[in-house]
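Remarks on the structure that follows.
Derivation of every value follows stated rules applied to the coordinates shown; laboratory data play no part. For clarity, every value in this text was computed on a predicted model and none was experimentally measured. Cβ sites come from the backbone with ideal geometry, for glycine too, and all protein chains shown count toward neighbours.
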Amino acid sequence: MATEEFRKALGPARLGGIELRNRFVKAGAYEGMCPGGEPSDALIEHHVRLARGGVGMTTVAYCAVSPDGRTFPQQMHLRPAIVPKLRELTAAVHAAGARASLQLGHCGFFSRNREVTGGRPFGPSWKWNMYGTLVGMPLARPMTDDDIVRTVGEFGAAAERAVGAGFDAVELHLGHGYLLSQFLSPWTNRREDRWGGPLRNRLRFPVEVVREVRRRIGRDAPLLCQVNLRDGFPGGLEVDEAAAVAQALEAEGVDALVLSGGFTSRDAFYLFRGGIPLRQMIEVEHSAMQKTALALFGPFVLSEHPFEELYFLELAKRVRAAVRMPLGYLGGVVSRAGVERAMREGFDFVVLGRALVADPDLVERWGRGAVERSRCDACNRCVAEMDRPGGVRCVLGTG
Ligand SMILES: Cc1cc2nc3c(=O)[nH]c(=O)nc-3n(C[C@H](O)[C@H](O)[C@H](O)COP(=O)(O)O)c2cc1C
């Protein structure tokens, strides 16, 4: 028997100016299906499978707003040349009954992409770029005012292109330690000008991006932001400030937030919880030096965080209490009971990552009452798989 909360999750919902057939959203989870930065047929099939599997909206992950915004060269950046393929993708997802969102971001200092301008990535302040050190990019420089203004424009242009390519929604990545999150975090933003210091200054660049994106996409296309509940370590952004960030984004008219946490460059598995697939991460690494570094230092730099269902719930409730805007709960939803709990706690959307990598048709099967729980056991080997030639897949053979 479906509970009232479960029926609500399976029923239609408004998101800004559009309607979704239900409240289940596939989280942006890097697919690794863009060889040479080109969206492939495999990327289209991946999202069509999720759409056929019943999600209300699927999110195409980790698209950079500029060539410099890519962590690595195989990542998409939203240039005119890829728009026709993205149009094919959105049309195919729509034909399967779902909406499509595009996650837009910029990596900031966290890059090993040798093509970045001048060979030096940038962020809020000077920063050691551990991830790029072995490819000769050990230091990131602070952004100038001109860099900031240009990047605001790049976010706007990319968002406009996304909507032109048929995406129903745009999700701005303000979390996980990428550029906008680096500005929000007191750990990485040490600036003393109007872009740094108190939270209202650290918010200035992300808010300017939100305003520019809204100006370019108009009122009807929903604008979502993914934000951190916590960076996940002392000295990073904490939940009190996260609640204030949410209030600022609500005041800007953002249509919904996706709540997450973590800072990839600092503690990669805080945001996932569960296993650390170190052996597989070493296997998929191309550079011999990087393989050696991972083998030697991996056990020390990759901290374990045990998985539990709805592991961000207590933090997410703090933000729920601070705003009225629609919120998507993300982090450890694997069971029907988890969906019901998230709905009962007042979240408007249920956002799922690994459960849908393992079982792309989970929503459809939940709807039929055919299954209680996803087969995902949080082994996190999908996180290594995304770097193999075929892209992300579940090693249980179900995804
Ligand atoms: C293979 C993989 C790739 C991911 N890539 C991204 C990404 O590109 N952007 C992002 O915001 N989160 C990314 N994530 C994080 C997920 O969106 C989500 O926050 C995380 O998996 C926790 O949710 P879950 O417990 O439902 O899996 C990725 C997760 C996985 C498993």
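Brief remarks on what is shown
- Residue 240, sole failed condition from (1) in contact with a strand residue (DSSP E or B) (Cβ under 7 Å, 6 or more places away or on another chain); (2) closer than 18 Å to residue 203 by Cβ: (1)
- Some residue of the stretch 341-359 being within 19 Å of the chain's Cα centre (by Cα), part of a loop (DSSP other than H, G, I, E, B) and away from the ligand (no atom under 15 Å from the Cβ): yes
- Scoring residue 117 on the criteria (1) touching a Lys or Arg at 6+ places or on another chain (Cβ under 9 Å); (2) within 23 Å of residue 74 (Cβ to Cβ); (3) exposed (fewer than 15 other Cβ atoms within 10 Å of the Cβ) leaves a single failure, condition (1).
- Hits in the stretch 324-340 - residues which are among the aliphatic types (A, V, I, L, M) and within 9 Å of the ligand (Cβ to nearest atom): 330, 333, 334
- Subset of the stretch 240-293 [free of Cβ contacts under 8 Å to residues at least 60 places away in the same chain, within 15 Å of residue 380 (Cα to Cα) and not in a loop (DSSP other than H, G, I, E, B)]: 278, 279, 282
- Checking each residue in the stretch 305-336 for being assigned to a loop (DSSP other than H, G, I, E, B) and within 27 Å of residue 359 (Cβ to Cβ) picks out 306, 307, 308, 309, 310, 311, 312, 326, 331, 332, 333, 334.
- Residue ID - surrounded by the most Cβ atoms within 10 Å (Cβ to Cβ), chosen from residues in the stretch 363-387 that are under 25 Å from residue 39 (Cα atoms) and not basic (Lys, Arg): 382
- In the condition set (1) farther than 16 Å from residue 327 by Cα; (2) buried (at least 21 other Cβ atoms within 10 Å of the Cβ), residue 24 is compliant with all but (1).
- Of all residues in the stretch 362-391 being touching a strand residue (DSSP E or B) at 6+ places or on another chain (Cβ under 9 Å) and more than 18 Å from residue 273 (Cβ to Cβ), the one that is farthest from the ligand (Cβ to nearest atom): 372
- When residue 390 is tested against (1) touching a residue at least 24 places away in the same chain (Cβ under 8 Å); (2) farther than 29 Å from residue 37 by Cα; (3) outside any helix (DSSP H, G or I); (4) out of contact with any Asp or Glu (no Cβ under 8 Å at 6 or more places or on another chain), exactly one condition is not met: (2).
- Residue match in the stretch 323-330 (condition: of a type in the set (A, V, I, L, M), crowded, with 22+ Cβ neighbours inside 10 Å and under 17 Å from residue 262 (Cβ atoms)): yes
- Residue in the stretch 206-218 that is touching a Gly at 6+ places or on another chain (Cβ under 8 Å), within 18 Å of residue 108 (Cα to Cα) and of a type in the set (D, E, K, R) present: no
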